[in-house]
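Just below is one structure, and these are the notes that go with it.
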Amino acid sequence: MSGPAATAGPMPWRLRGRTRQWLQRLHLWLGLSVGMAYALIALSGSLLAWQQPWLRMAYPQLTGHALPDAAQRAAVLARIATEWQPQDLRATDLPLPGLPVWQLYFGDGARRYLDPASGELLLTRAPRGDALQVLLEWHTHLLGGETGKELLGMLGWLVLCLLASGPLLWWPGRRHVAASLRPHAQPSTRRWLSWHRSTGVLALPLILLLSLTGTLMVYGKGTGRLLGAVFAEAPPPSPPAPIAWRDAPIDWTAALAAAERALPGAALHRVTLPEARNGQLVIRAQAPGEWHQVGRSTIWLDPWNASVLGHLDATASGAGTRMNNAVYPLHSGGVGGMPWRALVTAAGVLPPFFLVTGFLFWRARMKRRG
């Protein structure tokens, strides 16, 4: 017996019926509700991928400096400990080629920038005192502190549901993939749908990666514990026990030299100064091969005798920890050079594009239905 029924192959899998209708409604209303916030967060991320160039452009006094030598670094650190630590200083970034000045972080959110050689104050940036500060606060906390950060995490999971529903609604079967991705000009409903669908499918791996890493960053420590459990890692080593603070001068040259010997080849990035409750000098460093811009390697020192109390080489951590350490540089465009940063920038423009094309498709379809 022959005929169409006998020769036709198995029907390709597609979402159909009531399940498809419910998923279409979910995709529509998630897109029209969380889509606006998602678009604004993504746009701010595109700008923040170029944060250092914007900062240098806005504040030319931060550029054109030579990096300090060992003696100058030691002198400025001594000055920072005397002048700025009593003002709720939390950490200090050393001058580096990308930003050749000292960057000081304070408990109230202010940042101060010092001349790399002399330690003279060059600039103070108050919390939300410029557009970059506001963009960063919006992107990481929705301008709402810890409550905003929690809302950002919930928004991230809703966005991931939105992104996952798109391919399920689109899948046309293997034989029709190419045809389904072809853009159309007319009629308007088909135009907006084809642009929305084709761009979404082709860009899905990139935008899904950036949305997932952004969501995981909200849960920092929890993400690390989860990945450690998945890869059956041993718990991370505990920091050395606190030491007593001493009212004695510190040989900063010797302390920094000891840190460099503890992790040969690592770039020292961020310093947490000794304080009354714990006299340790803690230095974050970027070991060779680390993606994280500041580095997740850490050195603990007794600064008064320049002895290393302990150190952690992040490149020797387990797979789960290394994966967690890669989340931030992947999300922020801090790894992969200019090509990856350009992709991160382009990905930030896509959610506004999806919001606009999805809305125009919905409006055109409503008009067609009268």
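The values are calculated or read from the model by the stated rules, or taken from the named source; none is laboratory data. Quick caveat: nothing in here was measured; it's all calculated off a predicted structure. Cβ placement follows ideal geometry from the backbone for every residue including glycine, while neighbour counts extend to all protein chains displayed. The area values use the complete protein model at the heavy-atom level, side chains included, leaving out ligands, DNA and RNA. Shrake-Rupley method; radii C 1.70, N 1.55, O 1.52, S 1.80 Å.
What the table below lists for this structure:
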| quantity | calculated |
| --- | --- |
| For segment 216-370: relative contact order, % (alpha-carbon pairs under 8 angstrom, 6 or more apart) | 20 percent |
| Listed candidates (1) 26.0, 99; (2) 22.0, 71; (3) 21.2, 63 - label of the one calculated as Rg and Dmax of the Cα atoms in Å | (1) |
| Val349 accessible area, assembled protein chains, probe 1.4 Å, Å² | 80 Å² |
| Amide H contacts of Ile243 (H built 1.01 Å from N, under 5 Å, at least 5 apart or other chain) | Gly279, Gln280 |
| Cβ crowding within 10 Å averaged over residues, with 279-292, 70-83 ranked highest first | 279-292, 70-83 |
| Selected from Ile243, Ile41, Ile299 as most flexible by GNM, with the chain as the system and alpha-carbon contacts under 10 Å | Ile243 |
| Extension gain (nm, one decimal) between Val177 and Leu209, 0.36 nm per residue minus Cα-Cα | 9.3 nm |
| Helix-derived mean residue ellipticity, 222 nm - over the chain, DSSP H n ≥ 4, -39500 (n - 2.57), to 500 | -18000 deg cm²/dmol |
| Residues whose placed amide H lies under 5 Å from that of Leu123, excluding near-sequence neighbours | Tyr113 |
| Amide H contacts under 5 Å for Trp102, placed H, 5+ residues apart | Leu114 |
| Viscosity 0.692 mPa s, temperature 37 °C, Stokes-Einstein D of segment 38-130 from Kirkwood C-alpha radius, µm²/s | 232 µm²/s |
| Euclidean distance of C-alpha centroids, segment 319-370 and segment 52-118, integer Å | 33 Å |
| Span-like helix ranges in the chain, DSSP H, alpha carbon extent 30 angstrom or more, Kyte mean at least -0.5 | 17-48, 145-170, 188-218, 337-368 |
| Bins of 10 Å, starting at 0 and running to the largest distance - Cα pair percent for segment 234-287 | 20, 48, 29, 3 |
